[in-house]
1. Taking N as the number of residues in the range 100-468, what is its alpha-carbon radius of gyration divided by 2.2 N^0.38 Å?
2. How big is the range 221-379 by Rg and Dmax over its Cα atoms, in Å?
3. Of Met230, Met328, Met426, how do they rank once you tally other Cβ atoms within 10 Å and put the fewest first?
4. Kirkwood hydrodynamic radius, the range 56-171, all distinct C-alpha pairs: what's the number in Å?
5. Counting residues in the range 339-469 as N, plug N into 2.2 N^0.38 Å and put the Cα Rg over that result.
6. For His401, His356, what's the fewest-to-most ordering of other Cβ within 10 Å of each Cβ?
7. Given the Cα atoms of the range 166-238, and with Rh set as the inverse mean 1/r over their pairs in the Kirkwood sense, what is Rg to Rh to two decimals?
8. Could you please rank Thr466, Thr311, Thr409, Thr330, placing first whichever residue has the fewest other Cβ atoms within 10 Å of its Cβ?
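Quick note: the coordinates plus some simple rules give every number you see, no bench work behind them. Not measured: the values here are computed from a predicted model. Because the Cβ atoms are built from the backbone with ideal geometry, glycine has one as well, and the counts that use them run over all protein chains shown.
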Amino acid sequence: MKAALWFGIVAAMAAVLLVGSKSGFLLAAGIAALAVGLCVLISPVFAAILLLVTMFMRLPIRSEIALPVELFLLVFAALVAATVLWMDRTPGRVRGLGPIEWAMAAYLACNVYSMLAAHEYPAGDPLLGVDLPIPRFIVIAVGIPFALYVIGRYVVDSTSAVRAVLWAVLGTATYSAAVSIMPAVGLSDLVWPRYIVTEIRPSWAGRAVGVFNQPVVNGMVLALGFAIAMVLLSRRSDPGWQRCAALAVAVASGCGLYLTHTRAVWLAGVAVLIIGAALAKGYRKGFVAILVMLGATVAVNWSTFTSADRTAGGVASDVELESRLNDMQTALWAFAQRPIEGWGIGRFQSVNTIHHQQWASDVPWASGFGEVSHQNELAILAELGIIGLTAWIAVLALIAHRLWQAYRTLPDQELCGKPLVVIAMMALAIMLCAGITVDLRYFDFSTATIFLLLGVAVGWSDRHNTASVPNGDAQTVRDRQLEVVR
């Protein structure tokens, strides 16, 4: 893979120098794309990282370049092909599908069935007449995250690959932190993409929205970066420069997380600290210290914390609370009307417009009218019914069970042991906390990244369980592999 990259770099530079002008740059771009394509097919880990990068930069790329198909979808297709090729040439890999994958298949089937079935209302916003492309929605909300879980479980099979994935996520968190902090310190002119500071929704004024132009998903990435950086910071066997870099990312991500002024991601940050304080064996002191410091700060500034002044650190907001309550009531009403298979994927916004419900008489009816859901599981319940929600909860519950098993069995100090599982647990907690106030299915990058990390952790648990079998007992190894996937 390195040879292909160096060949592409040298050939591209030669093309620019020899041909010159626009033709040279076009030729160089083509050669570079060819080199990257070869690397993608050779290494599915490289392809997975490239997918994360293109998903992270989806909005900036779309605002700069008009492509018939979005770049990250092309990279995803290449990743699938690279994974198939890798599996064919790697006989010693993790094998088999377990309950998690079957639960994922069931949830995906619910989504596909709902897409094909006839429904009363269209998908999308009926007031603006904007349709939601359901096939693309399913690919982004279900297909890519679940595929990355499986790919992470299978192909991220070396410590160097795990480090590459973790540092790639830290890279995205670093950029998110930078563009979150710069406007707050008077460096707005340096922020790119420009829409971060020029296209601000009134309700998000003064909040760090990042490249996603949305404070919750930006906060999820920052919380994830903080979690990974805190774990890597504790790795005393790592080079000093890596630990210093992790410290810088942790501080920047923490500052950016605060600047989102978003309750759900603040809660996610607290969940990260609690998990670290409880489960980070041998390196929990940092988590405990920060948790105590935050608790003391909140206690001293309790009146400010409970106020509605977001810029000062307040968490109260009657308007948002009323909107969320009406959304919840609408979702519960929708479930009561069609409990089995729901109103159809992507239909909650239509239901919330045509059948908008009021939580209580003292809650304004108009609050939350016509919005997409602000609660992930209730949105699934309303759109896919109890069957779809059961499949989704089964996925989460089975993953949580496997993570706990992995935490109990993997070694304490190795990066691909308990530290990796702790990161995965933190990632799952971040996703669950964010899902309290948003529909996660619209958040492509953060959800996909989290499922990749979950798959990596489960895959290392599989390898550890298989490796613990005595050498030479082939039948026992096969039996243990079947036991692992069950």
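1. Working: Rg = 20.9 Å, N = 369, 2.2 N^0.38 = 20.8 Å.
Ratio of Rg to 2.2 N^0.38 Å for the range 100-468: 1.00.
2. In order Rg, Dmax, the Cα atoms of the range 221-379 give 20.4, 61 Å.
3. Values: Met230 26, Met328 17, Met426 29.
Taking fewest neighbouring Cβ atoms as first place, the list is Met328, Met230, Met426.
4. Numbers: mean 1/r = 0.0585 Å⁻¹.
Over the range 56-171, the inverse of the mean reciprocal pair distance is 17.1 Å.
5. Working: Rg = 18.8 Å, N = 131, 2.2 N^0.38 = 14.0 Å.
Computed over Cα atoms of the range 339-469, the ratio equals 1.34.
6. Details: His401 12, His356 19.
Result, fewest neighbours first: His401, His356.
7. Numbers: Rg = 13.5 Å, Rh = 12.9 Å.
Here the Rg-to-Rh quotient is 1.05.
8. Working: Thr466 18, Thr311 10, Thr409 14, Thr330 25.
If I rank by nearby Cβ atoms, fewest first, I get Thr311, Thr409, Thr466, Thr330.
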